[in-house]
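The structure appears right after this line, and notes come after that.
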Amino acid sequence: MKPLRLDSEALPVETEALAKALLGCILVRESEDGIAAGRIVETEAYLPNDPACHAFSGKSSRNATLFGPPHRSYVYQIYGTSFCFNLSSECEGTGAGVLVRALEPTQGLALMQRRRGVERTRDLCRGPGRLCRAFAIDRSFDGADLFVGRSLWLARDDWAPETIRRSRRIGVTRAADDRLRFYLPGNPYVSGPAALSPA
């Protein structure tokens, strides 16, 4: 079944619920080079008043998207070279978001391989930096509306995950024990270690 563009109302606004609901959804990137698409298999929630969230210290030019309407694309740069793709969450004025950590590639493999410079399918989108490189996502997409745009949007098909697991988030030092990472167990495209706790 061809993926159908999601309506914003199909996704919850609350951060943790959104992190779970995104699992199984399809991220689509259209460009002059072609179409790349992948199923979301791993996310992390960054809650309001969460010391690990970019919004914790207040609104700034860098994190303004997190305080805007929910379900907008929040893109930031790490290590000066890589980008991370997130969705804003909660009601407008409340800073929070969901990091998309990994995708299972479903369309445009050759395009993603060229962009990443690797051939191994498993490594194309396994991790937030790899994901953004494979999809050519950069800061120009910060603030993008994922439900009306033509370059970057969300879709769903007739597949839905049977089981979701949760664990501690990866690579954070603040609130490091919070179990706010969600993933599809057994999926080889998940970026981090497995855990046994159900979501």
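The values are calculated or read from the model by the stated rules, or taken from the named source; none is laboratory data. Predicted model, so just to flag it, every value in this text is computed and none were measured. Positions of Cβ are generated from backbone atoms using ideal geometry, with glycine treated the same way; all protein chains shown enter the neighbour counts. Remember, those area values only see protein heavy atoms, side chains included, never the ligands or the DNA or RNA. Shrake-Rupley method; radii C 1.70, N 1.55, O 1.52, S 1.80 Å.
For a quick check of your reading of the filter: which GluC sites (Glu not before Pro) in region 39-112 sit in a DSSP loop and have no more than 11 other Cβ atoms within 10 Å?
Here the GluC sites (Glu not before Pro) that fit, given the DSSP loop and packing criteria, are GLU92.
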Percent of all alpha-carbon pairs of region 60-199 at distances over 19 Å, whole number, is 57
Enter the accessible area per residue of the chain (Å², integer; probe 1.4 Å; all protein chains in place).
47
So what is the 222 nm mean residue ellipticity for the chain from helices alone, if each DSSP H run of at least 4 adds -39500 (n - 2.57) and you divide by all residues, rounding to the nearest 500 deg cm²/dmol?
-3000 deg cm²/dmol
What residues have an amide H closer than 5 Å to that of CYS25, excluding those fewer than 5 places away on the same chain, when H is modeled at 1.01 Å from N in the peptide plane?
ILE40
Go through VAL118, SER140, ALA102 and say which Cα lies farthest out towards the positive end of the charge dipole of the chain; charges sit on Cβ, +1 for Lys and Arg, -1 for Asp and Glu.
VAL118
Of the trypsin sites (Lys or Arg not before Pro) in region 60-106, which ones lie in a loop per DSSP and count no more than 16 other C-beta atoms within 10 Å?
ARG62
If you roll a 1.4 Å probe over region 74-163 with all protein chains in place, what percent of the accessible area is carbon or sulfur?
44
Count neighbours as other Cβ atoms within 10 Å of each site's Cβ, and list the chymotrypsin sites (Phe, Trp or Tyr not before Pro) in region 50-86 that are DSSP loop with at most 12 such neighbours.
TYR79
Calculate the spin-label point distance for GLU92 paired with SER151, positioning each point 7 Å from the Cα along the beta-carbon direction, and give it in nanometres.
2.3
Cβ-derived FRET efficiency at R0 41 Å, THR163 paired with SER82, nearest 0.05
0.85
So the pair-distance distribution of region 1-53, from every Cα-Cα distance in 10 Å bins, comes to percents of 21, 43, 27, 9, 0
Got a number for the accessible area of LYS20? Probe 1.4 Å, square angstrom, nearest 10.
60
